[in-house]
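Colleague: This is the structure, below, for whatever I ask next.
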Amino acid sequence: MSQDESRVSIPVIEERLRLDKHEVEMGRVRIRTKTENYLGRLSEELERERIAVERVPVDREVSEPPSMREENGVLIIPIFEEVLVVEKRLVLKEELHVHRERTRERLEKAATLKRTRVEVQREKRARSVERPTALKTGPINTRSTR
């Protein structure tokens with residue numbers, strides 16, 4: 001046997017993975033909005049204040065004008081008049097008594113309101129795309145063994 005025949009070459013092979021990424025259309029969606037009307041209810045308590053004015057005759061002389069005052073929740077506003085006599089006197093002619101009355105009532109009213117609903121619908125896939133996976137093989141290192 002010759003020296004060349006005693007040597008045997010064995011290729012050493014290693015596989016490597018390579019990953020390729022591609023954008024693929026998986027499908028489409030269609031979005032539609034729809035505005036609809038619905039009946040909403042409103043409930044609120046309202047407060048109302050009524051004022052009644054009562055004229056109360058007094059016809060009394062006073063030395064100085066009384067100021068506006070409040071008695072038992074009633075606002076009293078003095079009204080003056082000067083009267084000519086041999087002498088001038090201040091006479092309280094009348095008072096205005098202002099009474100307050102508060103009431104409460106519930107208000108319920110219907111109103112038409114709007115809201116938007118969104119509907120998403122998937123469309124069928126337009127085309128089929130394969131995802132390639134490539135394997136690359138080839139000799140890495142070649143050694144000679146005896």
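The values are calculated or read from the model by the stated rules, or taken from the named source; none is laboratory data. Just so you know, these numbers come straight off a predicted model, no measurement behind them. Note that each Cβ is placed from the backbone with ideal geometry, even for glycine, and that neighbours are counted across all protein chains shown.
Colleague: In region 11-65, what count of residues is obtained for those that are over 30 Å from Val83 (Cβ atoms) and assigned to a loop (DSSP other than H, G, I, E, B)?
Modeller: Result for region 11-65: 8.
Colleague: Against the condition over 30 Å from Ala111 (Cβ atoms), at pLDDT 90 or above and out of contact with any Leu (no Cβ under 8 Å at 6 or more places or on another chain), how does Ser67 come out, does it pass?
Modeller: On the way: over 30 Å from Ala111 (Cβ atoms): yes; at pLDDT 90 or above: yes; out of contact with any Leu (no Cβ under 8 Å at 6 or more places or on another chain): yes.
Spelling it out, Ser67 is indeed over 30 Å from Ala111 (Cβ atoms), at pLDDT 90 or above and out of contact with any Leu (no Cβ under 8 Å at 6 or more places or on another chain).
Colleague: In the set Ser43, Ser6, which member is at pLDDT below 85, surrounded by fewer than 10 Cβ atoms within 10 Å (Cβ to Cβ) and among the hydroxyl-bearing types (Ser, Thr, Tyr)? Please lay out each step first, then the result.
Modeller: Working: Ser43 fails: at pLDDT below 85.
Of the residues listed, the single one that is at pLDDT below 85, surrounded by fewer than 10 Cβ atoms within 10 Å (Cβ to Cβ) and among the hydroxyl-bearing types (Ser, Thr, Tyr) is Ser6.
Colleague: For region 70-119, how many residues meet the condition of being farther than 30 Å from Leu46 by Cα and not aliphatic (A, V, I, L, M)?
Modeller: 13
Colleague: Look at Arg115 and say whether it is modelled with pLDDT under 90, under 30 Å from Val29 (Cβ atoms), in contact with a strand residue (DSSP E or B) (Cβ under 8 Å, 6 or more places away or on another chain) and part of a strand (DSSP E or B). Working first, answer last.
Modeller: Details: modelled with pLDDT under 90: yes; under 30 Å from Val29 (Cβ atoms): yes; in contact with a strand residue (DSSP E or B) (Cβ under 8 Å, 6 or more places away or on another chain): yes; part of a strand (DSSP E or B): yes.
Spelling it out, Arg115 is indeed modelled with pLDDT under 90, under 30 Å from Val29 (Cβ atoms), in contact with a strand residue (DSSP E or B) (Cβ under 8 Å, 6 or more places away or on another chain) and part of a strand (DSSP E or B).
Colleague: If I go through region 20-52 residue by residue, how many of them are more than 30 Å from Glu123 (Cβ to Cβ) and of a type in the set (Lys, Arg)?
Modeller: 3
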